[in-house]
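Peer 1: Here it is: the structure, laid out below.
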Amino acid sequence: MAFDPLVIPFSLGLIFLLIVVFYKYYTWIRQMPKPKNPPKGLNRIKAYFDASIEVIMESLLHRKIFKQNKLLGYMHMSIAFGWFMLIVVGNLEAKMTSTNAINPPYFPIFLNFFAPDRSLTPGHGIFSFTMDLFLAMVLSGLLLAFIKRSKSRLFGMRRTSKMRGMDKIALYSLWLIFPLRLFAESFNAYNHNSGNFLSANCGDFFATFLPVAQLEYSMWVLYSLSLGVFFVALPWSRYSHIPTEVVLIFIRHLGYRSCVKPTGYNMFDLYSCSRCGICIDQCQINILSETNKTVTAHYIYDMRVGNKNDFGLYSCLACGRCEEACPVGIKTVDLRIGKRYSETPQTVVKYNVPKPLKPTAHNVGYFSGCMGKLTPSVIESMHTIFRAANENVLHIDKEDGICCGRPLILSGRVDQAAQLIQLNKDRIVASGIKTLVTSCPICLKTFKEDYDLNIEVIHHSEYIEQLLETRKIKTKFTNQNVAYHDPCELGRGLKIYDAPRNVIRNVAILSENPNKNERELCCGGSLAGIALSQEQKQTLASDAIHQIIDNETKALITSCPLCKKSFTQTSVIKVMDIAEIISQNLILPAEHKVKEKQHVQEFVNYN
Amino acid sequence: MTTLKYQTVIIGGGVAGMAAATELHKSGSKVVLIEGNKKLGGQVNNWYKVFPNFRPASEIVNSLSTNLLKDKIPVLLETSITHIESNSGNYILKSNQGQVIEAETVLLATGFNTFDPSGKEEYGYGIYPNVLTSVELEQRLKTNTNGISPKRIALVHCVGSRDEKVNRLHCSKVCCVSAVKQAIELKEFYPNAEIICLYMDLRMYDNGFEELYRDAQLQHNIKFIRGRLSECALNIEKDLVLKIQDTLAGLPMKLTVDQLILMVGKEAHQLPQFDESIIIEKASHGFIKPADSHLNPNTTSQPGIFCCGTTSGPKTIQETISDARSASLAVCDYLNKK
Ligand code: SF4
Ligand code: SF4
């Protein structure tokens, strides 16, 4: 078996890396609860297949990053794919070259050192060309990475992540690996009159002013050293994403999911972040602080190394904009809430809550939620709509109600939330309703995801859309120009984009803003932004408004009571909930009008 | 177009502007008073009677405006200053009526606005007709139009003051005692109704305030609950149901009322547009920040521009008038040294 002491740094580094990585993954996998709906039988095979495809598309080719920016995509792809191909092709060539059944792992890496003359290897020409080609590819990627440090705008990024701690060691060794390999290979090519377009030409060039014959061995040593250092630094650096992301893709396909109570899955998420920095520009905290310590790219670093960063932990809006942008698909919000959970003492609380509801004959229940209580105009509008549609709706939390639990979850009090959820669930289920309509997207998401209710749960925009479609209510069209704002929990959270828009188009002209749908801005008022002052929240709100409306916009329509509240305080134009604009433009039959009038008059009569 | 020339332009014809105009005129300065409305008197016009002695607010306005008339001090009504620029030590002011005025000094008496509670929707303002602001109540008291015998009325203090949720951290100073005054007036109107004040703290800091508060409890049987209103909703009978955190008992409570009065706080009135070279510093609550709050309360960060009355923060009528008089001394001093 071929051996030379120069392979020692490489080999030790590799062994170390493998031990650490396997140990970590083993512990994390053991900390993962069984998935709820794992793929079975054929589906399981399909899951493995799909995962493999995704690994190729994302971990190697970086398709999602390409979509974001071509140059950035090429940079990531050339390093990952180029390196991968160097390993694959190198191994193939080594197989063809050596007669041994098994080669030690270092053999293909140092193939040119051990077997400089391979003119007899079948396909030698093609091999040496491909190897040079992929080396050139990796080097071009490295050059771009180097440029990106100072010129991130070229890559479609206003801000890029800063290198810290272990990342630096890993980065510098990574930067050295491929230039050193080029030196070693080109010196080797000159000394043995081999090589291809890159190595041969470089070899000739270096030989004009360097004693390449004497230097070749030291280059191989340095190459081996840089690899060894990189492997040792890898598990503690951003590059840990290289192996972790692959595992993450597989476990995701096998049905494992992240959780606000941290599990092993969250650890895979944590270490799959390459700190590529793509999420940075998405985070609205940027406008509050130049050195944004909140955005996931930075916060994840602090989480990994255990830095205390309370502002980062508690100022995050949980808006999910970074999650939406992340090419790795990391559940950034769950990671943060999970961290809040582990920082919060979980106590058992004695809740003093209203009794379960009595069984009723109502089919539809309406839940206005705590946030709805802060915007009574929304509730009143919903009641006007219910009356107009002749719908007999049970207002579940009209006088007494229980919070959906989401505010507690967002603050990390997941166990207390679970208690509350159980109480509220019992209360709702007892009523016997078949459909639950909520005005608040926050409640809606919680009902859908954390309640396991066996009834239909819909947002009031979807409900109004149904009423319009079935012509239970009629509206008049106004020539008003309005803008719509997608609330985080309804849009990114539940992917409900069309229902509100369809509803609005019945009564007004809807002009879309560039940030619509999954790219929509947060109103700033998020319940998750615990560490933000009211002033900071208003700064976020007014910045968002200016990006959503233009001079023509007469009203800003939203479908979340909390967004309405945040915007109202800074908006120059009227802010309305979707229920309000509909209730104001209802066409009512004559007898109904009389009823509505009475309804209003009763207010002013005290007796 | 001719440029009108004055030594001092006073912007704002409320009680501050009127008091300052008379005072400056007395000391020989050539002044003009500019008011955006049809009538002098500013915010005081919106009041029926004033605390602590239930004197009609109109008396104060009339007395101050009679002085102006007597002294033939020029007043421009329905005029607002749209732009101010500096010109070799003087100021050039342009109005919405097209006038151009040159002056050596400008005295800002622009005063305050009341907080608009529709942003604080949970209090039901603008949604339930029986929720009104303290200013609207004054109008109803004045015109005797507050409807028929309510059984219970609540007055909420500190609406738009000392409230982090609406980003207003300052105290508006007069709402507490105004509430006590209005509570007594309501009780006199509706002797059988229960009148309740929901307060955070009671700031009865000036002469006669504490006595008024005592009277309210002993003579008028007005109830005071130390509590924060969290939300206001309707029950089936269309009564307003208030959810309150009783901060003394530390318990949540519910209260059903027929009418809810919101004691709206003060916030800075918009200033005219200044040229870039003019810098008027503001304090965190949005009112003008005096150069020295103890020794030069009427001097702004811009030489030649002064402020008086509630332009530099919430004040009572009495404080406003004294402040206006002190401002005229500061203006005279400046003109003399010039
Ligand atoms: S969270 Fe995602 S987008 Fe942000 S730096 Fe990490 S990998 Fe990139
Ligand atoms: S969830 Fe929103 S606020 Fe939080 S880090 Fe991501 S982008 Fe920033």
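Since every read-out is calculated from the coordinates, none of them should be taken as a lab result. In this text the structure is predicted, and so the values were computed from the model without any measurement. Don't worry about glycine lacking a Cβ; one is built from the backbone with ideal geometry, like all the others, and counts go over all protein chains shown.
Peer 1: In Å and on Cα atoms, what radius of gyration and Dmax does the protein assembly as shown show?
Peer 2: When restricted to Cα atoms, the protein assembly as shown yields Rg and Dmax of 36.4, 119 Å.
Peer 1: Looking at the square roots a ≥ b ≥ c of the eigenvalues of the Cα gyration tensor of region A:386-539, which shape do they give, rounded for a/c under 1.5, prolate if a/b is larger than b/c, or oblate?
Peer 2: oblate
Peer 1: For the protein assembly as shown, with the dipole built from +1 on Lys and Arg beta-carbon atoms and -1 on Asp and Glu ones, taken about the Cα centre, which of A:ALA115, A:CYS322, A:LEU18 lies farthest toward the positive end?
Peer 2: Of the listed residues, the answer is A:LEU18.
Peer 1: Short version: ³J(HN,Hα) in whole Hz for each residue of region A:193-200, in order, from phi by Karplus 6.51 cos²θ - 1.76 cosθ + 1.60 (θ = phi - 60°), x for Gly and Pro, what are they?
Peer 2: These are the phi-based 3J(HN,Hα) values: 6, 10, x, 10, 4, 7, 5, 5 Hz.
Peer 1: Can I ask one more? How big is the charge dipole of chain B about its Cα centre, in debye rounded to the nearest 20, if each Lys and Arg gets +1 on its Cβ and each Asp and Glu gets -1 on its Cβ?
Peer 2: Numbers: 36 positive and 36 negative charges, 83 e Å.
Dipole about the Cα centre, nearest 20: 400 debye.
Peer 1: Quote the FRET efficiency, to the nearest 0.05, computed for A:LYS168 versus B:ASP116 with a Förster distance R0 of 41 Å and r equal to the Cβ-Cβ distance. Please list the in-between numbers first.
Peer 2: Values: r = 54 Å, r/R0 = 1.31.
Computed FRET efficiency for A:LYS168 and B:ASP116 comes out at 0.15.
Peer 1: Would you calculate, for chain B, the mean residue ellipticity at 222 nm contributed by helices, counting each DSSP H stretch of 4 or more residues as -39,500 (n - 2.57) and dividing by all residues, to the nearest 500?
Peer 2: Per the formula, -8000 deg cm²/dmol.
Peer 1: Can you tell me the orientation of helix A:441-450 relative to chain A, as the angle in degrees between its alpha-carbon axis and the longest Cα principal axis, to the nearest 10?
Peer 2: The answer is roughly 60 degrees.
Peer 1: Continuing with the same structure: Taking K and R as +1 and D and E as -1, what net charge do the other residues with C-beta under 12 Å from the C-beta of A:MET371 add up to?
Peer 2: Around A:MET371, the charge tally is -2.
Peer 1: Test of understanding: extend the Cα→C-beta vector of A:ILE29 to 7 Å, then name every residue of region A:236-255 with backbone N under 17 Å from that spot.
Peer 2: Within reach of a label on A:ILE29, which here means backbone N under 17 Å from a point 7 Å along Cα→Cβ, region A:236-255 contributes A:243-255.
Peer 1: Which semi-axes, in whole Å and largest first, does the equivalent ellipsoid of region B:115-266 have when worked out from the alpha carbon gyration tensor as the square roots of 5 times its eigenvalues? Kindly include the intermediate steps, with their values, before the conclusion.
Peer 2: Details: eigenvalues 80, 75, 50 Å².
So the equivalent ellipsoid measures 20, 19, 16 Å along its semi-axes.
Peer 1: Would region A:5-240 count as rounded, prolate or oblate if I go by the C-alpha gyration tensor, calling it rounded below 1.5 in a/c and otherwise prolate when a/b exceeds b/c, oblate otherwise? Walk me through the numbers before you get to the answer.
Peer 2: On the way: a/c = 1.70, a/b = 1.39, b/c = 1.22.
Prolate is the answer for region A:5-240, as a/c is 1.5 or above and a/b outweighs b/c.
Peer 1: Right, another one. If I take every Cα pair under 8 Å that is 6 or more residues apart in chain A, average their sequence separation and divide by the length, what percent do I get for the relative contact order?
Peer 2: Normalised by residue count, the contact order of chain A is 12 percent.
Peer 1: Give me the dipole magnitude in Debye, nearest 20, for region A:507-574 about the Cα centre, with unit charges on the beta carbon: positive for Lys and Arg, negative for Asp and Glu.
Peer 2: Roughly 240 debye for region A:507-574.
Peer 1: Looking only at region B:59-89, which residues have a backbone nitrogen under 18 Å from a spot 7 Å from the Cα of B:THR3 in the C-beta direction?
Peer 2: B:81-89
Peer 1: Which of B:HIS220, B:MET204, B:CYS232 sits closest to the plus end of the dipole of region B:186-236, meaning its Cα is farthest towards the positive end, when Lys and Arg get +1 and Asp and Glu get -1 on the C-beta?
Peer 2: Of the options given, the answer is B:CYS232.
Peer 1: Please work out the C-alpha center-to-center distance from region A:338-392 to region A:274-297 and express it in whole Å.
Peer 2: Centre-to-centre distance over Cα atoms comes out at 34 Å.
Peer 1: In nm, to one decimal, how far is the modelled label at A:GLN422 from the one at B:ASP215, with both set 7 Å along Cα→Cβ?
Peer 2: Output for this residue pair reads 5.9 nm.
Peer 1: Looking at the square roots a ≥ b ≥ c of the eigenvalues of the Cα gyration tensor of region A:450-503, which shape do they give, rounded for a/c under 1.5, prolate if a/b is larger than b/c, or oblate?
Peer 2: oblate
Peer 1: Would you please give the FRET efficiency between B:LYS223 and B:ARG140, computed as 1/(1 + (r/R0)^6) with r the Cβ-Cβ distance and R0 = 25 Å, to the nearest 0.05?
Peer 2: 0.70
Peer 1: Roughly how many Å is it from the Cα centre of region B:56-74 to that of region B:290-338, as a whole number?
Peer 2: 21
Peer 1: Please compute the modelled spin-label separation between B:ILE280 and B:ASP246, points set 7 Å along Cα→Cβ, answer in nm with one decimal.
Peer 2: Going from the B:ASP246 label point to the B:ILE280 one covers 4.7 nm.
Peer 1: May I ask for the angle, rounded to the nearest 10°, between helix A:124-150 and the longest principal axis of chain A, with both axes built from Cα atoms and the value confined to 0 to 90°?
Peer 2: With both axes taken from Cα atoms, the answer is about 50 degrees.
Peer 1: So for chain A, taking the charge dipole from beta-carbon charges (+1 Lys/Arg, -1 Asp/Glu), which of A:THR291, A:ASN454, A:GLN534 sits furthest toward the positive end?
Peer 2: With unit charges placed on the Cβ atoms, the residue in question is A:ASN454.
Peer 1: Using the alpha-carbon atoms, what tilt in degrees (0 to 90, nearest 10) does helix A:590-604 show relative to the longest principal axis of chain A?
Peer 2: 90
Peer 1: Averaged over peptide B:128-134, how many Cβ atoms belonging to another chain are found within 10 Å of each residue's Cβ? Display every interim value, and only then the final one.
Peer 2: Working: counts 4, 5, 4, 2, 0, 0, 0.
That average works out to 2.
Peer 1: Here is a further query. Please list, by residue number, everything in region A:496-524 whose backbone N is under 14 Å from a paramagnetic label point 7 Å out along Cα→Cβ of A:HIS592.
Peer 2: none
Peer 1: OK, next. Non-local amide H neighbours of A:ASP577 (under 5 Å, H modeled in plane, Pro and chain starts lacking H): which ones?
Peer 2: Residues meeting the amide H criterion: A:THR558.
Peer 1: So what's the back-of-envelope 222 nm ellipticity for chain A, counting only DSSP H runs of four-plus at -39500 (n - 2.57) apiece and dividing by all residues, rounded to 500?
Peer 2: -17500 deg cm²/dmol
Peer 1: Please work out the FRET efficiency for the pair A:ILE509 and A:ILE8, using the Cβ-Cβ distance as r and a Förster radius of 51 Å; give the result to the nearest 0.05.
Peer 2: Details: r = 73 Å, r/R0 = 1.42.
After rounding to 0.05, the efficiency reads 0.10.
Peer 1: Please work out the C-alpha center-to-center distance from region A:97-131 to region A:188-240 and express it in whole Å.
Peer 2: Using only Cα atoms, the two centres lie 16 Å from each other.
Peer 1: Can you tell me, using C-alpha contacts under 8 Å and at least 6 residues apart, the relative contact order of region A:364-468 as a whole percent?
Peer 2: Contact order relative to length: 33 percent.
Peer 1: Once you charge only the Cβ atoms, +1 for Lys and Arg and -1 for Asp and Glu, what is the size of the charge dipole of chain A about its Cα centre, to the nearest 20 debye?
Peer 2: 960
Peer 1: Share of antiparallel DSSP beta bridges in chain A, in percent to the nearest 5?
Peer 2: 5
Peer 1: Just to check I understand the Karplus step: with θ = phi - 60° and J = 6.51 cos²θ - 1.76 cosθ + 1.60, what whole-Hz values come out for region A:93-98, glycine and proline as x?
Peer 2: Values per residue, Gly and Pro as x: 5, 4, 4, 6, 7, 8 Hz.
Peer 1: Taking the highest mean first, how do the peptides A:146-158, A:556-568, A:257-269 order by number of other beta carbon atoms within 10 angstrom per residue?
Peer 2: Descending packing order for the listed peptides: A:556-568, A:257-269, A:146-158.
Peer 1: What's the longest uninterrupted piece of chain A once you rule out the GluC sites (Glu not before Pro) that are loop residues per DSSP with at most 13 other Cβ within 10 Å?
Peer 2: Working: sites that count: A:GLU290, A:GLU399, A:GLU512, A:GLU552.
Between exposed loop sites, the widest span is A:1-289.
Peer 1: Modelling each spin label as a point 7 Å along the Cα-to-Cβ direction, I'd like the A:ASP302/A:ASN502 distance in nm, to one decimal.
Peer 2: For A:ASP302 paired with A:ASN502, the spin-label model returns 4.3 nm.
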